[in-house]
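Peer 1: Got a structure here, written out as structure tokens. Questions coming.
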Amino acid sequence: MTRRLSRRGLLSSAALALLAAPLAGCERVLRWMAHADNSGFAPTSHSFETSDLCLLNAEAIRGPFYIPETLVRRRIAEGHAGAPLRVRFKVVDVAGCRPLAGMPVEIWHCDALGRYSGYPSYPPDRFPRVRPEGFYEPEDGERFCRGVQITDAAGFVEFETIVPGWYTPRTPHIHVRVAQPGPATLAVDDERIVLTNQVYFPDELTARIFADETPYAERGPSPFTNLNDRIIHDSGGADGGFLRMSRDGAWHVGTLTLGVANGTATAHVGDVG
């Protein structure tokens, strides 16, 4: 299997070199990440609910808070408070728009207060510590807001969780990885990975939730939005990476088509994501 390192992968490698510099240099890099201008991009959602398009999704870095453990489950919040969120993905091969069955789809995100499970020493209100290897070893056994499902015959998976909060220096997002058919267990840089992505919410929705709902309102509005997020900027506006949002009673519902070039594995790493 051939591994393809994209332009973003090369940029991530350059970022790793910068992050290995002295602390003052690290701080400059992190503050640079928090000041992007995404006003020239139009947020787009290629959801199976509203479109028959089967387009290759823009990819993004994996980020440092990934934990390679198998948690096959639909409900992943583990009782953490937050706005109920149901996320449904359809995985398709962009060559012919064929739904792909048997594909592991893995997601992870922070909780309502911006905290990633496994990393209690990383406060969401401060720029995170950085390490040149781009991957943080987990510090404890908590695994909330993490899980994997296998696509059904129609290419669908569904997760029940909570709307993620914000942390420095990122807009609210969910990490997604899709792998070729096989075991649900995936390695950090698994060769079966065909998509590494981050998906986003409308700024208007998260602003309303953060202002009015518990426990988000404890921290208030996020200074980091889709308009200034560096990862969105570096992925060319995250085309097709914005969830189509609706309501079903108490649930916020997000849907998205994940278009992949099945059989072409990719490698994307990164430090702040």
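Peer 1: What's the number of the condition residue 177 fails, among (1) loosely packed, with under 15 Cβ neighbours inside 10 Å; (2) in contact with a strand residue (DSSP E or B) (Cβ under 7 Å, 6 or more places away or on another chain); (3) of a type in the set (Lys, Arg)?
Peer 2: All conditions are met except number (1).
Peer 1: Return the residues of region 84-111 that are in a loop (DSSP other than H, G, I, E, B), out of contact with any strand residue (DSSP E or B) (no Cβ under 6 Å at 6 or more places or on another chain) and either at pLDDT below 95 or farther than 22 Å from residue 197 by Cβ (or both); say none if nothing qualifies.
Peer 2: Hits for region 84-111 are 95, 96, 97.
Peer 1: Could you grab me the full set of residues in region 117-162 that are small (Gly, Ala, Ser) and modelled with pLDDT of 95 or more?
Peer 2: Within region 117-162, 117, 118, 141, 147, 153, 154, 155 meet the criteria.
Peer 1: If you go through region 72-83 one residue at a time, how many are closer than 25 Å to residue 210 by Cα, not charged (D, E, K, R) and not in a loop (DSSP other than H, G, I, E, B)?
Peer 2: Qualifying residue count, region 72-83: 0.
Peer 1: Restricting attention to region 230-263, which residues are more than 21 Å from residue 193 (Cα to Cα), charged (D, E, K, R) and modelled with pLDDT under 95?
Peer 2: 230, the sole residue that qualifies.
Peer 1: Taking the conditions exactly as written (part of a strand (DSSP E or B), out of contact with any Phe, Trp or Tyr (no Cβ under 8 Å at 6 or more places or on another chain) and in contact (Cβ under 8 Å) with a residue 60 or more places away in the chain), does residue 69 satisfy them or not?
Peer 2: No, not satisfied.
Peer 1: Then there is this: Among the residues of region 247-256, count how many are touching a residue at least 12 places away in the same chain (Cβ under 8 Å) and surrounded by fewer than 18 Cβ atoms within 10 Å (Cβ to Cβ).
Peer 2: Of the residues in that region, 3 qualify.
Peer 1: Quick check on my filter: what residues within region 194-229 are of a type in the set (Ser, Thr, Tyr) and surrounded by fewer than 14 Cβ atoms within 10 Å (Cβ to Cβ)?
Peer 2: 214
Peer 1: Residues in region 145-161: is at least one surrounded by fewer than 22 Cβ atoms within 10 Å (Cβ to Cβ), closer than 30 Å to residue 36 by Cβ and within 19 Å of the chain's Cα centre (by Cα)?
Peer 2: No, that holds for no residue.
Peer 1: Hey, among 165, 114, which residue is touching a strand residue (DSSP E or B) at 6+ places or on another chain (Cβ under 6 Å), modelled with pLDDT of 95 or more, closer than 30 Å to residue 48 by Cα and in a loop (DSSP other than H, G, I, E, B)?
Peer 2: Only one candidate qualifies: 114.
Peer 1: For the list (1) modelled with pLDDT of 95 or more; (2) closer than 20 Å to residue 145 by Cβ; (3) surrounded by fewer than 18 Cβ atoms within 10 Å (Cβ to Cβ), I need the number of the one condition that residue 184 fails.
Peer 2: (1)
The values are calculated or read from the model by the stated rules, or taken from the named source; none is laboratory data. The shown structure was predicted, so the numbers you read here are calculated from the model rather than taken from an experiment. Here the Cβ is made from the backbone with ideal geometry for all residues, glycine too, and neighbour counts use every protein chain on show.
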